[in-house]
Amino acid sequence: MRTIALINQKGGVGKTTTAVNLGACLADLGKKVALIDLDPQGNSSSWMGININELHKSMFHVFHGDATINEILMETCVENMWIVPSNVTLAAIERTLANKLENDTILKKSISPLLNRYDYIILDCPPSLGLLTVNALSAVREVFIPLETKVLALNGLVTLVNTVNLVKDTLNPDLKVTGIIACMFDVRTNLSNKVVEKIRDRFHDKLFKTIIRESTQLAECPISGKPITLYAPESRGAQDYMELAREVVGSEKGIDQRYGEGEKNIFC
């Protein structure tokens, strides 16, 4: 069983696109997947066909102790994939829980009932490094960082890495960055190739071999309420995310071994 947080404090880098479509592809490969939407925008939830404006209970109520994750877990249109939804009410969580003791480990306790029921628990985090993201980092063992293949892709990464290391040192010693995902690759330009090379030089084997190319169908499919595997199964987006899913599954044994190594530096 793997617990993975998808994080990047910059919006528009393919984080939700990766959370939804990687989850769907893992499910298609026979893995049981729970996707937890931690973004107050509720984009993952909407993408999977949920009317987030009509939710009676959501992750907001889990953080407040008014509901359990099991109570709000919902089936999706993808076999083997479930989602824990969120909506705009979650935006108030940082303010309302600011003075609560151990407010940075609420999610870790909340997801414990799911740990033996799913092969993958994927957390779609908000584009910030606040309380919600810290909760996610406290609750998982792995971090995937989606990076857009643009000139400024590495900007802000020092702050992100420092946050991960801080949580690792203070709350979650098992936490590791195990994957960097190059997203929004423009096959028409040399710029994307140059940026990927820079990412590879910086992260070495942390960078997944699979590159997620820009795709019209990927841009369109959130409106359909389906992942790319159902909206356009023959598209390059579906091909790329299925290849990424196979690469993630193929790394399972290596990840288990690395958990036992006691790495201190997340980029060792």
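The values are calculated or read from the model by the stated rules, or taken from the named source; none is laboratory data. If you're wondering where the values come from, they're calculated on a predicted model, not measured in any experiment. Glycine also receives a Cβ, built like all others from the backbone with ideal geometry; neighbour counts cover every protein chain displayed. When the accessible area is computed, the model is the full protein with side chains, heavy atoms only, and any ligands, DNA or RNA have been set aside. Shrake-Rupley method; radii C 1.70, N 1.55, O 1.52, S 1.80 Å.
So that you can scan it fast, the table gives a plain yes or no per residue for (1) modelled with pLDDT of 90 or more; (2) open to solvent by 10 Å² or more (accessible area, probe 1.4 Å):
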| site | (1), (2) |
| --- | --- |
| Leu90 | yes, no |
| Thr96 | no, yes |
| Lys100 | no, yes |
| Lys108 | yes, yes |
| Asp119 | yes, yes |
| Cys125 | yes, no |
| Ser138 | yes, no |
| Leu160 | no, no |
| Asp169 | yes, yes |
| request: Output yes when any residue across the stretch 117-131 is under 18 Å from the mean Cα position of the chain (by Cα), more than 14 Å from Gln9 (Cα to Cα) and of a type in the set (Asp, Glu), and no when none is. | output: yes
| query | Is it true that Ile121 is of a type in the set (A, V, I, L, M, F, W, C) and within 20 Å of Met81 (Cα to Cα)? | reply | yes
| task | Search the stretch 226-250 for residues being over 12 Å from Asn21 (Cα atoms) and either in contact (Cβ under 8 Å) with a residue 60 or more places away in the chain or outside any loop (DSSP other than H, G, I, E, B) (or both), and hand back the single one that is least open to solvent (accessible area, probe 1.4 Å). | result | Val248
| Are any residues in the stretch 225-257 hydroxyl-bearing (Ser, Thr, Tyr) and modelled with pLDDT under 95, and if so, which ones? | Ser251
| query | Ile69 passes all but one of (1) touching a Pro at 6+ places or on another chain (Cβ under 9 Å); (2) crowded, with 23+ Cβ neighbours inside 10 Å; which number fails? | reply | (2)
| message | Which condition from (1) surrounded by fewer than 21 Cβ atoms within 10 Å (Cβ to Cβ); (2) on the phi < 0 side of the Ramachandran plot is the one that Ile212 breaks? | response | (1)
| So Val78 fits all but one of (1) open to solvent by 20 Å² or more (accessible area, probe 1.4 Å); (2) farther than 26 Å from Gln9 by Cα; what number is the exception? | (1)
| request: Filter the stretch 49-66 down to the residues that are among the polar types (S, T, N, Q) and surrounded by fewer than 19 Cβ atoms within 10 Å (Cβ to Cβ), then identify the one that is nearest to Leu90 (Cα to Cα). | output: Asn53
